[in-house]
Each structure stands twice: as structure tokens, then as C-alpha cells.
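The values are calculated or read from the model by the stated rules, or taken from the named source; none is laboratory data. Model, not experiment: these values are computed from the prediction. Ideal geometry is used to build each Cβ from the backbone, glycine not excepted, and the neighbour counts take in all protein chains shown. Only protein heavy atoms, including side chains, enter the accessible area calculation; ligands, DNA and RNA are left aside. Shrake-Rupley method; radii C 1.70, N 1.55, O 1.52, S 1.80 Å.
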Amino acid sequence: MVAAFFTLSYNESLGEYNLKRIWSMQQSFVTTSETLHDFLGISPVVAEILAQRGFHQPEEAIDFLRPTLLNLFSPFCFHDMSRAIKRLSMALQQKEKVLVYGDYDVDGVTSTALLYKVLRDLGFQAVAYIPNRQDEGYGLHSEAIERAARADVKVLITVDCGVTAVSEVSLARTLGIDVIITDHHEPPAIIPAAFAIINPKIGNSGYPFIDLAGVGVAFKLAQALLQSLATDEVGIHSEIELLDLVALGTIADLVPLVGENRIFVHYGLHQMEKTRHSGLEALLEECGLKNKALKAGQIGFMVAPRINAAGRMDSARAGLELLLTVDPERARELARLLTQENKVRQDTEKEILAEAVLMLESAPIPRVIVLSADHWHHGVIGIVASRLVERYYRPVFLIAEEGEEAKGSARGIAGYHVLEQLTMQANLLTKFGGHRQAAGFSLPTDHIRQLREGLNEQAMVFEDTLFQEYLKIDRRVSLETISGGLLHELEQMAPFGFGNPGPILACQGIPVHSVSTVGKEGNHIKFRFGVQGEQEGIAFRLGERLNELKDATKLDVAFSLDWNTFRGREDVQLMIKDVQVNADLRESAASSDVVESWPEIAVTLEEPEIEWLDWRKLQRDAFPLRDVEDQIWLWDTSECEPSLLRWNSVEVSETVSEQNFQEKLSTRNRSQSPNITRLGQAGLGIILGLPLIEEDFREGLAKLRQLGVYRIALAEFQSPLEERVRQRCKFLSREELVHIYRKLSVKAKETNPFYLGGDAEISRLDRVALEIFEELGLIRCLGGTEKIVLEWVPAKSKLDLESSLRYRSAKKRFERALKFQHELLVCAFG
């Protein structure tokens, strides 16, 4: 991986800022990338990028490259979900009015539309409400709660807000309204006394994935409703039809596109291409995207801003109506209206940005930018703050003064926690909330100067390097490596966005064939690289650097890849991120937050050699343990999943959890000399049972060595049943897959789509088969977790099982496991 650092210096004589980019090369993960290349049959370039991004095992990489809805967590992992569903079930039975209270950004609007639609479809007496940004601002408001009470609302569900509304929830309780909070924002120290709180970020939420967007949390409540209160018309099978809304809100809110978010967006984009929401279809048509394969970037830069524009400039209710309408003509009318609103927003944004730049470039840039004006539109300053971060790489706090009160938006940089910094200035603020990288706040206008001074004083504790931007470059390649095949492989890593950026490659010393400006005002540069000019590249918004680059014969270039389609022909094009005549290339160590897997643990100190003891053919009562006085550690591979045991006698053993193992290891590291050769023997280790796979053997060996154990016995090595090895490798033979496929076929002939699971739990190997069938396009998962709905898809032609990454990888692991076991059984010691 490479990181390009941007250092910003102020030139007072020129009155402008100069960017100097430093490329920092980080070490590769050779063994891991080779394993991924071998198991998955992918190029070394893509294998290395996957390894750099933390995918150390083929199974992890496969789940990333082939997302599956079968991997979604149950909504009932949330501890408060059952309580929320019980209350809503009562509201349905008693025909109580339920209010969905949302937010005016895209995440809030999609959350409101999704949950309102599900409630209405299930027969609830539901109403929806989104506050006005200008008149009310963000969050739950007392006035709205009082109006809801007068309208006889009995249950209020917040979406994308509510976790900070302590007093407002208290008011609702006194007025006889039960509040169910669904939110994803960081919770304060004191959380509201709501009827139920569904937020993955609160302590002990129970949910294993914390990075859901607001619409993701709302979808989880919708899942639970559909699984619990399903009707013939609306139920689990409806879940997939909601994923276009989930994808839209998730992309727009810039949450990491990993884990469940990646699954939502992957399937949501496919659902969006055939959406059943008239408003979304009209909006795609307005953007020129109807009937096209969709990318996350297109949604983030073209579709989402139009919905956001309504809430920023006036009221978000037009965006909500668009997503809820079933009238195609009304949908087209609203889509045109939102496009017009977006144009107004863009013009306003440009004006504020120009003013902000003028204000900044009259003096040296501070560590934290805090600007305000009494004529700035509060709905746009968040976008302008993002533009200023891009331009100056500083945390930015922009404030719209509105008489004695002011409203602000903040955007951060890596390593600068916006919400934490605002918390330290809480005495100056009226209200605030948000995330690590973005937040909103309000304060008295006469506190702005103190806020500016306070934030900059706090920023003095940070190292200068915090204010240097870096661009991650995933791999150095040669020009000859670039091809359509490589681009196709890289596209498997999509959808791209925050948390999963599009891979950036780098070439050094590329021959330059031609350089020219393009665009109406010559704002962009077009390159032809290679001796014959065979490779095209485009650098947007770099037209002013033409004189610097036009005479170069060779260049260093950082770029992503994309298709350039012209007159029906597709060619690979370099989308240039940075170009230098001679890049400043620096070597650096691996990032501290990237830990290589155990086969590649670097040994920097000389370790004692392992003393191997051959007990493979001994019965357990014949183990020579009578004279062993040291601690005995047992790596037990006799079960399907290996475990570490502390063995006090032949009869008694105690399982050591991963947490206990780390505590033991930490204690040992603190108490022992750093020179490992002086530790002596820290006990006896026994690898009990022939390991099912090589990884189990190596993992056990690594744990024992970490504990300082270098006398290791191999014991009770008997060839395990092949079925156990298959289960450990998650490998199903062709015959087993055909058998399961035929069972599904019988179900589909009775009714298609059909249910699976529920009363009888879906076995581990059945799930493996379903994932393979889904990957091959033989079934579609329409929804559900414990109980799922599948749609049978007739095969159009004969399918090759080897085309499934899951099948091919498991088969190779199984074959290697058998070979490794044979080697362990016959190898000689001594």
C-alpha cells in the first residue's frame, strides 16, 4: 500500500497555497496475497489489495467479493427489538396512531419513507413527519411532540435521530406517548428513557455491526416487523424490495461500505435498477441513469444531492413525497422540482464557497477553520465545509448567523474527532450532535469568537502530521499490467465508497506520448502514455498544470481505472489522481492497525528451536506425563473447531477462551525479559489429535510459541473421518450439492418463492450450499434471517461448479487438508 501525503504551505508573497505530495510505500503481505491468488484464482494485483485491506483468509475475501443476503444478522440481535415489536403489535391490534419522526437529509428521508411504507402495508395507522431545517432544525422537538399528543399519537418512532433527546422523550412519556428510538448517532453519557432504543452504538445494544446508517437501523426494525407481523401480501419476501431505499440512504450518509452496509448497497443497487418505487424511477430518469447499470458513485453524486437539496433549501417533504408516491406523473413532476432545487443549492454553494475562500486566503490558514456570516444559508454550509476540507485539509466549522442564535456544520479530517472536540466546547453551545467526521451544532452568535479560539487552542495538542492529507495507493504496477481483465477483477471489489475506496494504482516513469487540455475552459488534461500512445489518461481539474507537465518525457502517475466508452467501443482509461515529474517516494513500515495473520508473524529475535515429542501412536494413558512438573498446554483438534486448554492432569482440562489467552499472554509479556532466548522452557505443549487443516496446526503452534512453549508433543494422530474434514473445510461434493438442489427444486414446484428454516434450523452445510447456489444465480434470497424466503431461478444453461469461488476454494482447501494430514502422519522426527 502507498500513501500520498499532502503538505500545505502558505506563500504570503503569492497569496496562494502550494500542495506537495509525498508517496509513502508500505510493506506488502506476500504470503497472504499468494494464498488468495492461489485459492481464488485472482490476479496478484487484486490479491495484494485484498490482503492490504485485511482479508487474510480466502473465506473472508470470498464473503467480500461475493456478498450474500444470507449473511445478514437477525434484527432480534438488538436487545430492545423484541420489546419494540411487542409494543407495535399492541398498537396494530388496538388501532393506535403511530408517528414516524424523521430527519431532513437523505438518510433521514429514506428511513422515514421505508418505515412508513412498511407500517402502512402491515395495516398500521401510521403518519410521517420530517422537521423543517430552517424553522425547527435537527432532532426531536417538544413542539412536535405536543402536536402529536393533541393528534392522539400513542407511539412515536424516531428514525436517524433521537438518541440525544433526553428531555423531549421525558415530555412524550408525560403526555402518554411511548417513544421507540431508532438511530445510529453517537449516544451521550445519559441516554433518553425511551420505551426502546435500537441503536448499534449504545452500550450492550446486542448488535454485532455498529456502522449501520440511520436507514440501516430503520430497515432492521422493518425486518423484525415483516418477520413478526407478516400477511399474505406483505412479509419477509418484501424485504428485498426495500433495499433500493436502504442503499440510497447508506451511500448518502457516508458510512463505511463494509459488512452489512456492503451487502445492502450491493443488492440495493441491483434492486434500484428495477425499482418498484415510482419516485426513485423518475429520479433516475431525471439523472440520465434509468435502465443503466448503477454504481455507488453515481448515486452519491447525482441522485442523493437532489433529495438533499429539498431539505437544505426549504422542506424535505417533497423528497419524502417523491419516495412514497405511486403516481408516475406526480413522481416525474417532483423529480423535476428537486432538480431545480438542486441547481439553486449548487449556485448558493458556489457563492458561499467563494466568500469562504476569500476570507481564508487573506491570512495564514489556522489549524481549525471556523468561519461565520449572517447571510449564509444554513442548509448548504455543511457541503461548503466539505469542499473547504478538500481544498485545505483542515477541520472546518462553518456557521450561519441568524440574529442572536447561530447554526453550524462541522467536517473533520482523519484523526480529528469532530464530536469529541465539540464536546470539549459544550459550555459555549446550545445543542450539538453527530459523528467522528461530521456534526451539527447551535450556539449564541456572540460565542462564535470563543468557539474559534477554543477549537484552535485544543488543536495545538495535535502533531503537525495530523494536518497532512494522505491518499492511499494500493499497488504499484507496470503499464503493461493494465488491461480490461484487471479492471473487471477490480470491479468485483465494488461498491466503492467510504470505508472501501476504489483501488488506486501507481506507475513510475511512464513514457509520455502527448499532453493536451480538454473541456470548455481547458480545465482538464488528457494524456497519451506509452511509446505509441496506446494508453489514455484523464486528469480532471488539473488544467493549470499544463505548462509544468507538457514537456515531460516520463511521469509518475497515481490513478484508478475506468471504462471509456466511445461509439460502442470500450477502452480502459486511467483516471488520474496525482501526477508528478518525479514523485518523492519514501519507504515506511506497515500500518499499526493492519495485523498480518499468524503464518507471517515477523520474528525479530532469535527463538529456541522446538523440541518435538512423537506421541502419535501412544494411547492417552501411556503419555509420559508423570515427571512433567511444568504447566501443560493442550491444543485440542479432536473437535471440528480446535480449542486451547490448560491441562492440569490427564483427566482434567480447562478451556481457555480467547480473552483469557490474551490476558495470559499480556501478563507473560509484562513479566518476562524481552530477550526471548533467556526465557527457558515455559511448559509442555500437546497438539492432541490430527489437525483437520493446516491452518489449525499452525494456529496452535503459534499460540504455544506465544506462550513460550517450545517442547511440543504430537499426540493421538489418527486419520479422522473424511466427513469431519469436509465439514471443517465447508466442502460439499458435487453429489451432495445435487441432492440439496433437488430438495429445493421440490419445494419450488409447490410454491415459488418458498420458505426455508423456521421450525427446523438451517444446517451449516445447507447454508454453504445456498451461498453457492446464490453465487451461481440458481436462487435469490428475498429476505429473512433464521427463516428465509428463496426464489428458484431456472438455470438457462449448464453451469460449471468451478465458476463458484466458494466451491472452488473449499474444494482446494479440502484437497490440501488431506495432503497435509498424510504428511503429518508419515513425517519422521529426530
Study note, to complete from the structure: Residues in region 87-116 that are out of contact with any helix residue (DSSP H, G or I) (no Cβ under 8 Å at 6 or more places or on another chain) and either assigned to a loop (DSSP other than H, G, I, E, B) or open to solvent by less than 10 Å² (accessible area, probe 1.4 Å) (or both) total 3
**Study point:** Check on T430, in contact with a Ser or Thr (Cβ under 6 Å, 6 or more places away or on another chain), polar (S, T, N, Q), open to solvent by 50 Å² or more (accessible area, probe 1.4 Å) and at pLDDT 90 or above
**Key:** yes
Check your understanding: Residues in region 609-623: is at least one within 43 Å of the chain's Cα centre (by Cα) and either of a type in the set (S, T, N, Q) or at pLDDT below 90 (or both)?
Key -> yes
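Can you say whether K743 is of a type in the set (D, E, K, R), more than 25 Å from I62 (Cα to Cα) and without any contact (Cβ under 8 Å) to a residue 24 or more places away in the chain, as far as the supplied structure shows? If you could, list the steps in order and put the result at the bottom.
Details: of a type in the set (D, E, K, R): yes; more than 25 Å from I62 (Cα to Cα): yes; without any contact (Cβ under 8 Å) to a residue 24 or more places away in the chain: yes.
Yes.
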Practice item. Take the residues in region 204-261 that are in a loop (DSSP other than H, G, I, E, B) and over 20 Å from the mean Cα position of the chain (by Cα), then tell me which one is nearest to G434 (Cα to Cα). Key: N204
Check your understanding: Given the conditions (1) farther than 29 Å from L40 by Cα; (2) open to solvent by less than 30 Å² (accessible area, probe 1.4 Å); (3) touching an Asp or Glu at 6+ places or on another chain (Cβ under 6 Å); (4) not basic (K, R), and given that F717 satisfies all but one, which numbered condition is not satisfied?
Key -> (3)
Practice item. With respect to V163, determine if the residue is crowded, with 24+ Cβ neighbours inside 10 Å and within 19 Å of the chain's Cα centre (by Cα). Key: no
Practice item. Would you check if there is a residue in region 48-55 being surrounded by 15 or more Cβ atoms within 10 Å (Cβ to Cβ), over 17 Å from the mean Cα position of the chain (by Cα) and either not basic (K, R) or not in a helix (DSSP H, G or I) (or both)? Key: yes
**Study point:** Within region 199-245, tally of residues that are open to solvent by 30 Å² or more (accessible area, probe 1.4 Å) and under 18 Å from V159 (Cα atoms)
**Key:** 3
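Results for (1) on the phi > 0 side of the Ramachandran plot; (2) open to solvent by 40 Å² or more (accessible area, probe 1.4 Å); (3) in a strand (DSSP E or B), shown as yes or no for each residue.
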| residue | (1), (2), (3) |
| --- | --- |
| K747 | no, yes, no |
| L756 | no, no, yes |
| I762 | no, no, no |
| E771 | no, no, no |
| E774 | no, no, no |
| R780 | no, yes, yes |
| K798 | no, yes, no |
| L825 | no, yes, no |
Practice item. Could you please tell me which pairs satisfy a Cβ distance under 7 Å, a separation of 6+ or placement on different chains, a first residue in region 466-484 that is under 18 Å from K554 (Cβ atoms) and modelled with pLDDT of 90 or more, and a second residue that is outside any strand (DSSP E or B) and open to solvent by 50 Å² or more (accessible area, probe 1.4 Å)? Key: none
Review point. What's the number of the condition E59 fails, among (1) within 27 Å of E761 (Cα to Cα); (2) more than 19 Å from the chain's Cα centre (by Cα)?
Key: (2)
Exercise for review: Might you let me know whether region 401-412 holds any residue that is within 20 Å of P187 (Cα to Cα), aliphatic (A, V, I, L, M) and within 34 Å of the chain's Cα centre (by Cα)?
Suggested key: yes
Revision key, fill the gap. Selection from region 541-562 of residues open to solvent by 60 Å² or more (accessible area, probe 1.4 Å) and assigned to a strand (DSSP E or B) yields K554
Study note, to complete from the structure: For region 491-527, the count of residues that are of a type outside the set (V, I, T), open to solvent by less than 20 Å² (accessible area, probe 1.4 Å) and in a strand (DSSP E or B) equals 5
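If you go through region 117-174, how many residues are part of a strand (DSSP E or B) and basic (K, R)? Full working, then the answer.
As a first pass, look at region 117-174 and keep what is part of a strand (DSSP E or B): 125-129, 153-159.
The next check asks that each one be basic (K, R); those that pass are 154.
So the answer is 1.
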